[in-house]
Protein chains: 2
Amino acid sequence: MAPVYQLKFFNFMGVAEPIRYLFAYGGISYKNVEVNKDSDWPDVQKSVPFGKLPVLEVDKKVLYQSVAISRYLGKLVGLVPADDLDAAELDAIALSVYDFGAKVHEWYHESQKERKEYLQVELEDIWLSKYLREFEDIVQKKGSYFGGQKISWADLYFVGIIESIEGMWGSKLLEKQYPLLYRIYVHVHEIPAIDTYVSNRPHYKY
Amino acid sequence: MAPVYQLKFFNFMGVAEPIRYLFAYGGISYKNVEVNKDSDWPDVQKSVPFGKLPVLEVDKKVLYQSVAISRYLGKLVGLVPADDLDAAELDAIALSVYDFGAKVHEWYHESQKERKEYLQVELEDIWLSKYLREFEDIVQKKGSYFGGQKISWADLYFVGIIESIEGMWGSKLLEKQYPLLYRIYVHVHEIPAIDTYVSNRPHYKY
């Protein structure tokens, strides 16, 4: 019998969106549990590993950390290369995408005014172009995707997180300056199962 | 022919120590390149992915992100379980160990006095006991190690990072309050190849 999957995250994209993409890509059914940050979260937080979401229950096992969950699902749906070194390169890319998203997330949720301004300037002056330029360079060296000629879970991870980053930042980031990354973005959205998912998902702002 | 490995990191333990453990465990030769933070770093930083260390060159391929490198080496030396779900659980643990180390690292390197004090209070009041208690609970549920009865790369990752955390924090953290974690710490150090490595390594303070 197929395992029962239950994904717990807030009612926005965030680091869960690549997981939802991977479920869509693989045509795998799962229960998407939306945790309301104001009402449900205090109780839910006490019940999940290290007090963090997303959490993926696979039957009775509890997976956490979006990169670990996404790699696991990526393997399941055939998007992890067979060669261990090639696979490890994609792990490093996904972890760097996560780091990039975490920087934007930190700025977005900072409540102290001065620190928020400081983080915003850092993002504008350094991190946005630094991360996106390096990602663009990797794709250029590799070919069409992060892993070369074949799409991988790292591409889905990147696109899912970029959608969330663009939502927090308030503007599109790829189309004008990063044509290879934008092409990955478009290609991922053109996958029929992902197109269907995106067309029907709730309107999450980030 | 065996690949040529070259590990680049600063002249301290940090997130490279689990990688050095894994090389020792597997009896794998590598070149340990120590980057001096004051003199060498500005130039090296421009040459490595996302301006960060550690970097592991495997022949001409460049791996980065300590968790990705450690998982790769873990697989190579037989410390990743064959079952994908079991393997993913260890990924999530290693990523949580990384997060914990990153919090201590942020406090240690913060130069702004008020923010450093704020981060220190957070560590003392929340994070140190939160992370270590959850890690201890995981081991309790699993058995002797993070993955159950058998040692894995997550155990080596934990012990390598904890050594660095204790170095930054300035005191031992496990022995009195976290007996199962302390037992893992002792067991890892008792592995002859790791004992030899630790006995001969340079005196890194963290």
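The values are calculated or read from the model by the stated rules, or taken from the named source; none is laboratory data. Keep in mind it's a predicted model, so treat the numbers as computed, not measured. A quick note on method: Cβ atoms are made from the backbone with ideal geometry, for glycine too, and the neighbour counts reach across all protein chains shown. Only protein heavy atoms, including side chains, enter the accessible area calculation; ligands, DNA and RNA are left aside. Shrake-Rupley method; radii C 1.70, N 1.55, O 1.52, S 1.80 Å.
For the reader, a short list of remarks on this structure follows.
- Yes/no for B:Leu174 being in a loop (DSSP other than H, G, I, E, B) and open to solvent by less than 20 Å² (accessible area, probe 1.4 Å): yes
- Pick from segment B:33-57, criterion out of contact with any Phe, Trp or Tyr (no Cβ under 6 Å at 6 or more places or on another chain) and of a type in the set (A, V, I, L, M), ranking: farthest from A:Phe100 (Cα to Cα): B:Val33
- Some residue of segment B:69-77 being touching a strand residue (DSSP E or B) at 6+ places or on another chain (Cβ under 8 Å), of a type in the set (A, V, I, L, M) and in the same structural domain as B:Glu124 (by TED's automatic domain parsing): no
- Identity of the residue in segment B:89-131, of a type in the set (A, V, I, L, M, F, W, C) and more than 14 Å from chain A (Cβ to nearest Cβ), that ends up nearest to A:Ser66 (Cα to Cα): B:Val104
- Among the residues making up segment A:177-188, a single one is open to solvent by less than 40 Å² (accessible area, probe 1.4 Å) and without any contact (Cβ under 8 Å) to a residue 40 or more places away in the chain: A:Tyr185.
- Looking across segment A:30-49, the residues that are in contact with a strand residue (DSSP E or B) (Cβ under 7 Å, 6 or more places away or on another chain) and of a type outside the set (D, E, K, R) come down to A:Tyr30, A:Asn32, A:Val33, A:Val35, A:Trp41, A:Val44, A:Val48, A:Pro49.
- Any hit, segment A:139-150, residues being within 11 Å of chain B (Cβ to nearest Cβ) and surrounded by 13 or more Cβ atoms within 10 Å (Cβ to Cβ): no
- Of the candidates A:Leu63, A:Leu73, A:Leu53, the single residue that is within 15 Å of the chain's Cα centre (by Cα) and within 11 Å of another protein chain (Cβ to nearest Cβ) is A:Leu73.
- Some residue of segment A:149-162 being out of contact with any strand residue (DSSP E or B) (no Cβ under 9 Å at 6 or more places or on another chain) and farther than 27 Å from B:Val62 by Cβ: no
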